[in-house]
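Note sheet for the following structure.
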Amino acid sequence: MKTALITHRECLDHITPPGHPEQVARLEYILDSLKSVDLERFDARLANYQDLLTVHPQIHIDEVIKSVPENGYRAIDGDTHMSPGSYKATLRAVGGVLQAVDMVIAQTVQNAFVATRPPGHHAERETAMGFCFFGNVAIGAKHALKHHGLKRVAVVDFDVHHGNGTQDLLWDEPGALFVTSHQSPLWPGTGAQDEKGAHNNIVNIPLAPHGNGADMRAAYERFAFPRLEAFEPELILISAGFDAHRSDPLAELNWMEEDFSWLTKRLMSLAKKHSKGRLVSVLEGGYDLPALASSVKVHVETLSEITK
């Protein structure tokens, strides 16, 4: 079995204002970097209204739909904008995660990387924010629990910004363990270690600014991996943000490509031990285009067990 790459051209139709860091070129750079990697390639399916209702109330979904402009841009907040193609792109982003979960659980592919946009880990139950509209990964976790009947799903978020949305959406879900590392202090200002979830199912790992890959590795060895081992997940989902890279303009960590590869290998090892190898990685942040492309390539090559 191979690694699946799930994406869709309609994710390029989510157009943000000039100079916005979450831009169309992010996905273009990523897809170009992956051309030479031997992958099973699939178009992301469209999510439907019922999929979104898994974690969001109808009022939030309707508000997002009403915010789609006929032309130009519409600001949800200072960071989050919609264009005419944005809603369809969000449905591909959610649908791609659900499709990846289905395929990995069915073991028709080895694992999967979902290269879609907009990202999702900042979208709270009733709030679109931080470039995000719907909780893509949280919806995938709920889908695995409710539709496939899994009992334990782990979400690991290594984006440099705290996944406040995923935390909000999984706070009351005993079947989900959310482990997240993030620079602190940094926007959105959440993610303290004492934020533990209704079932002690949230593990926040704040990382000090200007730290490097060695600091990250030590933190994961101390806080993340023991909790994941004890949880024995039947599926691992990754919120794969690459903005902890030392070249990223929006944060102050100093990870390198080899750090993303190391973390990917460790999570794959956990998936092999506890989850029959079932792992789905989903694109979140990363805003220096060359660093994003090279980091994603290393991440996906590692998923497909290609060493360079």
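Using 0.36 nm per residue and subtracting the Cα-Cα separation, the extra length available between ALA218 and THR108 on full extension is 36.1 nm. For the options HIS143, HIS161, HIS245, a Gaussian network treatment of the chain with springs between C-alpha atoms closer than 10 Å singles out HIS143 as fluctuating the most. Highest average first, the peptides 9-19, 79-89 ordered by how many other beta carbon atoms sit within 10 Å of their residues are 79-89, 9-19. DSSP beta bridges confined to the stretch 3-303 are antiparallel in about 10 percent of cases. Between GLU258 and VAL24, the modelled labels are 3.8 nm apart [label points 7 Å from Cα along Cα→Cβ]. If we count every other residue with Cβ under 15 angstrom of GLU229's Cβ, Lys/Arg +1 and Asp/Glu -1, where does the sum land? Net local charge, GLU229 excluded: +3. Taking label points 7 Å from Cα along the Cα-to-Cβ direction, ASN200 and LYS66 give a separation of 4.3 nm.
Cβ crowding within 10 Å ranks ASP157, ASP62, ASP168, ASP194 as ASP194, ASP62, ASP168, ASP157, fewest other Cβ atoms first. The modelled label-to-label distance between TYR73 and ALA208, using points 7 Å beyond Cα along the C-beta direction, is 3.7 nm.
Dividing the helix sum by the residues of the chain, where each DSSP H run of 4 or more adds -39500 (n - 2.57), gives a mean residue ellipticity at 222 nm of -10500 deg cm²/dmol. Below 8 Å, C-alpha to C-alpha, sequence gap of six or more: please give me the relative contact order for the stretch 3-303 in percent. Reported as a whole number, the value is 19 percent.
Does a label point 7 Å from the Cα of LYS151, set along Cα-to-beta-carbon, have any residues of the stretch 203-241 with amide nitrogen under 12 Å, and which are they? Counting only backbone N, you get 232-234.
Give, as ranges by residue number, the residues of the stretch 111-153 whose backbone N falls under 14 Å from the point 7 Å along Cα→Cβ of ARG227. The answer is 153, whose backbone nitrogens lie closer than 14 Å to the label point.
Any read-out appearing in this document is the output of simple, stated calculations on the displayed coordinates, not a laboratory observation. Being a predicted model, the structure only gives us computed values, none of them experimental. Note that we place each Cβ from the backbone using ideal geometry, even for glycine, and neighbour counts take in every protein chain shown.
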